[in-house]
Structures are given as structure tokens and as C-alpha cells.
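The structure under discussion is supplied below as C-alpha cells; questions concerning it will follow.
Laboratory data are not the source of any read-out in this text; all were calculated from the coordinates shown. Note that this is a predicted model, so its numbers are computed, not measured. Glycine gets a Cβ as well: all are built from the backbone with ideal geometry, and neighbour counts include every protein chain shown.
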Ligand code: GTR
């Protein structure tokens, strides 16, 4: 099933060679993460491939580390065509293409394999296609593991420990409802404002995967981490439809081929980084609650799956049936 790197490269080079001379294209792409993170490194790799295939005619310039602000703004810029590309969490895509919210429901996936089979299969492709109605071209998915709670005051063992805690979530009402259903107080705040929000006590904590918690140095201000894995939200990288419509077919194919390889690269980098981040967190003395009983977390969030999943019953059944 998987197309080899060699095939994609040969096809891309052949396409580039037979094409009429096309104009130079610098793709500006943003990411909230720093260089050295799986997502930014994968996009850098994509840029190298494009540049190699076209003798430097197509390049990617990465605006990393929140240089262009948060993810909501980045998506708006891409919709307007002011920015060609961005890599974001599906968490902020739900408000643009509601079907994506099926991936934003707590405990919707049983395993990483199931999530991979969903995004790599018909469901994942159909959802990417829907993005064009929102002015975006979906290029591919990236891994982001599972998200878990962290805070500055105590080790969370059960949902009851979240009582009264202000927890930052991504800007999507589902996540506010999720934290509230667990007994906490969910507050939507942009990622680029989170560290300060925790430091100054605007919130008591947040939730994220180990690489984000570690690379954002959030453990410095919130040293209790509970591996309850309430969300497994994939990420996507998208191109501006406005710009895409001006590109010729050859360039689009080159970008598509490089995207397949970039997504594959990120998946490899992700698995390694997740382990490395957990090691760093242990080394830094973070209190990590592992082997937590997930049952009460799953039960407490049932109402969220029911409320926000109601319009997508068929889609959810197909996800459930995916191995
Ligand atoms: C990270 C994700 C980012 C961003 C961030 C957040 O895991 O990679 O794209 O969504 O979480 O919590 O805002």
C-alpha cells in the first residue's frame, strides 16, 4: 500500500523536468513549535525535498516558535492567502470544518493504531477534502500522541482532583465542556499565551502531550503531570486554497508528493520524541502519575461525546468499527 520514497521522488523529478519553466515559489509555513520538534523538522524535510526536486525553485521558509502568533490566526492568514501553509492541531480546525470535531472528542480512539487507520483511510481522506470549503487544502496528517493534564498544585489521580482547578484548553468549545464535565473549569487560551497564564496564576494548569509540555517548558511552572490520555487529537498541515488555485498542476503534484513523505517522516520522529520527552520530564523532577485508572475519566466525559458527537453518529460508528 505505501508508496516508496524512491517512487515519489522519481515521479516528482520527472514531472519537474518535463514541465515548462515555472516561476519560483517560496512557501511560507508557520508552526507554534520550535525547530527541532517533530512537526517543524518534518516541514523542513519537505522543503528540502521540494528544493532538491526543483533545483531550488520551490522552497519552504518556516516561521516557527509562534513568530506569527497562535494557530487560529495562522489558519486565518492561510485562508486569506497571506501565508501559504501552516501546521496546526485538529483541535482548532473543528470551528472551521465541524466534521473534524469527531477527532476532538475525549476518548474517541482506543489506540494509536486505530487513530492511524482512521486518518490513513477513507475517513481521514474525506475530511481533508472537506477543508477546501473552508479555503484550505489538506496536505496530510501528523501524529501528536495523547494529551494529559498538568497543573501547578497537586497530583491528579481522579476527576475529583480537578475540582475548582482552572485548566487552559485549546480554542474549541468541546474542550471547555470536557474539562467542565470532569469537574474543573476549562478556559480557552491561545498556546502562545499559556506559559505566562500559568506563571501568573490566570490558570492552574493545562493539558498536552509530553513533547509539548516538555518543549514549551510548561513543567517549570506546572510540575504535576497525570497520564490520563483523555484526547488523541491528530494534527494537519494545510495549504492556502487561494494560492493553490494559482499553482500549475506540476507544482501541486510536487507539493503533494513531498507532503506524503513529510507526514511519514513526522510519524517516525514523533515516536522517538515522545520517549525522549518523558525521559527529560523525569530528569527534571516532574511528578508523573502513570497507570491512572481511566474509567472514571471516560465515564465523566460521556456527556461530551454524546452532545458533540450527536450530529456525527454514522462517522463515529465507522471510527468505532475501525481496527
Ligand atoms: C500541541 C500542538 C499544537 C497546539 C498546542 C496547544 O500539542 O502540537 O499544535 O495545538 O498543543 O495546546 O495549543
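For the pair residue 220/residue 113, report the inter-label distance in nm, with labels modelled 7 Å from Cα in the Cβ direction.
Reported label-point gap for residue 220 and residue 113 is 4.0 nm.
Given points 7 Å out from each Cα along the Cα-Cβ axis, report the residue 180 to residue 267 separation in nanometres with one decimal.
In this crude spin-label approximation the distance works out to 3.7 nm.
Please identify, among 139, 112, 269, the residue showing maximal mean-square fluctuation in a Gaussian network model of the chain using a 10 angstrom Cα cutoff.
112
Given the options 228, 279, 143, which has the most mean-square fluctuation in a GNM of the chain, springs set between C-alpha atoms less than 10 angstrom apart?
For the chain, modelled as a Gaussian network with Cα springs under 10 Å, the answer is 279.
Place a point 7 Å from Cα of residue 316 in the direction of its Cβ. Which residues in segment 97-123 have their backbone N less than 15 Å from it?
99-110
Between 110, 87, 267, find the one with the highest GNM mean-square fluctuation for the chain; connect C-alpha pairs within less than 10 Å.
Judging by the Gaussian network model, the answer is 110.
Here is a follow-up. Assuming a ≥ b ≥ c are the square roots of the Cα gyration tensor eigenvalues, decide whether segment 105-165 counts as rounded (a/c under 1.5), prolate (otherwise, with a/b larger than b/c) or oblate.
Values: a/c = 3.31, a/b = 2.20, b/c = 1.50.
Note, shape of segment 105-165 comes out prolate.
Pull out the extension gain between residue 302 and residue 35, defined as 0.36 nm times the separation in residues minus the alpha carbon to alpha carbon distance; nm, one decimal. List each step's numbers first, then the result.
Numbers: separation 267, 0.36 × 267 = 96.12 nm, distance 3.73 nm.
Length gained, residue 302 through residue 35: 92.4 nm.
Across every pair of different alpha-carbon atoms, what Kirkwood hydrodynamic radius in Å does the chain reach?
Result for the chain, one decimal place: 20.3 Å.
Additional query: Semi-axes of segment 216-286's equivalent ellipsoid from the Cα gyration tensor, sqrt of 5 times each eigenvalue, largest first, rounded to whole Å?
Working: eigenvalues 273, 39, 23 Å².
Equivalent ellipsoid semi-axes, largest first: 37, 14, 11 Å.
Just to be sure I understand the model, the point goes 7 Å from the Cα along the line to the Cβ. What's the resulting residue 6 to residue 293 distance in nm?
Here the answer is 5.4 nm between the modelled labels.
Follow-up. Kindly identify segment 1-70 as rounded, prolate or oblate by the Cα gyration tensor criterion: order the square roots of the eigenvalues as a ≥ b ≥ c, call it rounded if a/c is under 1.5, otherwise compare a/b with b/c, prolate if a/b is larger, else oblate. Before the final figure, lay out the partial values.
Details: a/c = 3.39, a/b = 1.59, b/c = 2.14.
Oblate.
Extent of segment 134-240 along each principal axis, from alpha carbon coordinates, in Å, largest to smallest?
Here the Cα extents, ordered largest to smallest, are 42, 27, 22 Å.
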